[in-house]
Structures are given as structure tokens and as C-alpha cells.
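J.: This is the structure I have questions about; it appears just below.
Rule-based calculations on the coordinates, nothing more; no lab input. Since we're looking at a predicted model, the values are computed, not measured. No Cβ is skipped: glycine too gets one built from the backbone with ideal geometry, and neighbour counts run over all protein chains shown.
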Amino acid sequence: MAETHPPGFRVEPQIEETLEKPVKEDHRSVSSLVEKILPECPRADGLLQSEAFA
């Protein structure tokens, strides 16, 4: 498995509240959810190849 690095960033309360539901539904941490969804934006814009973060 590739080594990972913990990101440090702040989010507005509304963003944190928005993440609560999918975090609970997927039984994962906020960090894990962000790691899962973060590549979707650049991939949708064509900046990442699909298999880059498979």
C-alpha cells in the first residue's frame, strides 16, 4: 500500500455538517471520506486519469 500523508485543513461548519450524513452512512471517518471523494473533481475536469487513484 502506498504511504499516505495526513492533510491539515479547515472547513466551514456547513461543510462539516454536510459531511456528517455520508460519514455515518459509509461507516468511515471524515478523513477517509475526503480521501475517497477528493480525486473526483480533478477527474471530472479531465485532470486525472481514472486509474490514477484506483
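J.: With θ set to phi - 60°, apply the Karplus curve 6.51 cos²θ - 1.76 cosθ + 1.60 along the range 20-26 and write out the HN-Hα couplings as whole Hz, x wherever there is a Gly or Pro.
T.: 4, 5, x, 5, 5, 5, 8
J.: Net charge near residue 19: determine it from the other residues with C-beta under 15 Å of the C-beta of residue 19, scoring Lys and Arg +1 and Asp and Glu -1. Mind showing how you got there, number by number?
T.: Details: positive: 10, 21, 24, 28, 36; negative: 12, 16, 17, 20, 25, 26, 35, 40.
Once positives and negatives cancel, what remains is -3.
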